[in-house]
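Student: Take this structure first; my questions come after.
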Amino acid sequence: MASAPSTDNPQPGNTPANEEGSESGGISKKQAKKEAMKAEKLRKKQEAAAATNTASQIESLELDPRADDFGDIPMDELQSKAVSGREWTTIGSLNSELADRTVLLRGNAQTIRPVSKKMAFLVVRQSMSTVQCVLTVGKDYGSPQMVKFATGLSRESIVDIEGIVSIPKDPIKGATQQVEIQVRKLYCVNRAVPNLPINLEDAARSEREFEKAEATGEQLVRVGQDTRLNYRVLDLRTPANQATFRIQCYVEDMFRLFLRRENFVGIHTPKLIAGSSEGGSAVFKLDYKGQPACLAQSPQLYKQMAICGGFERVFEVGSVFRAEDSYTHRHLCEFVGLDAEMEIKEHYDEVMDLVDRLFVTMFDYLNENCKKELEAIDRQYPFEPLKYLRKTLRLTFKEGVEMLKEAGLEVDPLGDLNTESERKLGRLVFDKYGTEFYILHRYPLAVRPFYTMPCPDDPAYSNSFDVFIRGEEIISGAQRIHIPELLTSRAEACGIDLKTISTYIDSFRYGAPPHGGFGVGLERVVMLFCALNNIRKTSLFPRDPQRLVP
């Protein structure tokens, strides 16, 4: 018998040329020849494929020699792996003085506009500033693949761009910076989801645009307030919101700076207390290790105790909690309180004098130093600048009531002003005195907190005041009661449980100077200065009776 072949599948060149077949099952010469031809054909095909792949790779490299100049940054490169020492440029600092210089930027891909396979525009945003970046294909830079990568980015993705600053011939309408970046390198730091829950272009749309569209019958998407707040992280990226919270920061800074210059000392008081600080039932109650407690409605009692402790002048910036079921445009359950307390030498006018100088100084600063921010807000929410006097107008409560009465609005002379009355009085004051910022003082004692000092000439009224902007109250202040016996009787008359404020009242038994102060809501100041229609626009993550998240 003939011996069997050494392999079941003979390899090219290994098939015996003279092997004969036999009746026992061996292959014939004809069959062997066919197998050899088949194997050779396969070999050539594999070699051709390999050659083709190599050529394709070479061609790919030849077509995309800039493959390292774009792409997604690997995760390990974003884990604080190393410090490169590269110099970063903020988008807001880009100007014509940097022409022809190479800069490194980071920001959000706000808009992406493909022009062709070899050109695209990318507007990148950082905070309130935007710049137009141009991707093109040149001999020594860019590639069609790089352009394709850029146009495939999702909006709001975080990108790093290295490029050369250039000066365009025509003004750029779609960006704040009047320069362009000729992109040389483009990397994606973090991709946003392809379909965002709200469109930032819709969220940033001006009220003027809506008015124009309504007149022409055009349908525009309006992002509702609840939707904005549900996706607040996205909503905060609009220019108006970026500007609003920068102004809020400046208001707080000016409050601190002015009072420090007036020899006030900053303090921090407890927010967990045993009883309500203002009286009434509008408190958030909680269990404090088995004891009943609540969140502070204000730092009022502790500010006064600090005065009794010898600090003379104190201020605080901190959270304030109110459990009122107020579903209005100007009420929150949690807000930032700006509070101050000071010794009074002779008259509570001293407190009003301070408020006058503080807010005129603050308003002047905002108007002079925040033009960019105010313009950004005005573009989306048009408003007229606040009108105020160099010396703030003061009216007594009786004078205010008389003005309302003369205008045909009946008001209880010993009651409080409601929202309608406040707004009406604001219009009357503006028409008569030309100011939208004024002080109303000597309020009825019955509508003020228990610690408010009564007027010496009429116990039905008090040494207290409110301050108004654009017809809405922003500040409450007063001279405080520093006599423990009177304080005790007033607290009892207002239904305050004396046990919960016993340490507060005792503070005045050890020698306490006459004193007064005021409190103002930070969010409300910003809202009214910028004439915004809802306080939720000036609260980063607002808390109202219906919202606890985000």
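The values are calculated or read from the model by the stated rules, or taken from the named source; none is laboratory data. Quick caveat: nothing in here was measured; it's all calculated off a predicted structure. Cβ coordinates were reconstructed from backbone atoms using ideal geometry, including for glycine residues, and neighbour counts include every protein chain displayed. We work out accessible area using only protein heavy atoms, side chains counted, and drop any ligands, DNA or RNA first. Shrake-Rupley method; radii C 1.70, N 1.55, O 1.52, S 1.80 Å.
Student: What number of residues within the range 507-534 are open to solvent by 10 Å² or more (accessible area, probe 1.4 Å) and among the aliphatic types (A, V, I, L, M)?
Tutor: Looking only at that region, the number is 3.
Student: Considering only residues that are open to solvent by 30 Å² or more (accessible area, probe 1.4 Å), part of a strand (DSSP E or B) and without any contact (Cβ under 8 Å) to a residue 40 or more places away in the chain, which ones fall in the range 98-125?
Tutor: R113, P114, V115, S116, M119, F121, listed by residue number.
Student: Looking at the range 378-418 only, could you name the residues that are in contact (Cβ under 8 Å) with a residue 24 or more places away in the chain, open to solvent by less than 70 Å² (accessible area, probe 1.4 Å) and farther than 18 Å from D466 by Cβ?
Tutor: Q380, Y381, P382, F383
Student: Suppose the filter is farther than 19 Å from S476 by Cβ and either not in a helix (DSSP H, G or I) or not assigned by TED's automatic domain parsing to the domain that holds G495 (or both); does P449 pass it?
Tutor: Against the criterion (farther than 19 Å from S476 by Cβ and either not in a helix (DSSP H, G or I) or not assigned by TED's automatic domain parsing to the domain that holds G495 (or both)), P449 does not qualify.
Student: Let me ask you something else. Residues to consider are L366, L301; find the one that is assigned to a helix (DSSP H, G or I), open to solvent by less than 10 Å² (accessible area, probe 1.4 Å) and of a type in the set (A, V, I, L, M).
Tutor: That would be L366, the only listed residue that is assigned to a helix (DSSP H, G or I), open to solvent by less than 10 Å² (accessible area, probe 1.4 Å) and of a type in the set (A, V, I, L, M).
Student: State whether one or more residues within the range 209-229 are among the small types (G, A, S), in a helix (DSSP H, G or I) and surrounded by fewer than 14 Cβ atoms within 10 Å (Cβ to Cβ).
Tutor: Step one: list which residues in the range 209-229 are among the small types (G, A, S), which gives 213, 215, 217, 224.
Those still in the list that are in a helix (DSSP H, G or I) too: 213, 215.
Still in the list and also surrounded by fewer than 14 Cβ atoms within 10 Å (Cβ to Cβ): 215.
Yes, the range 209-229 has at least one match.
Student: Something else now. Among the residues of the range 423-449, count how many are within 28 Å of L301 (Cα to Cα) and surrounded by fewer than 19 Cβ atoms within 10 Å (Cβ to Cβ).
Tutor: Adding up the residues that qualify gives 2.
Student: Among the listed residues E473, E492, identify the single one that is part of a strand (DSSP E or B) and open to solvent by 10 Å² or more (accessible area, probe 1.4 Å).
Tutor: Just one listed residue meets the conditions, E473.
Student: Could you list all residues from the range 126-162 that are buried (at least 17 other Cβ atoms within 10 Å of the Cβ) and out of contact with any strand residue (DSSP E or B) (no Cβ under 9 Å at 6 or more places or on another chain)?
Tutor: Residue satisfying the conditions is M128 alone.
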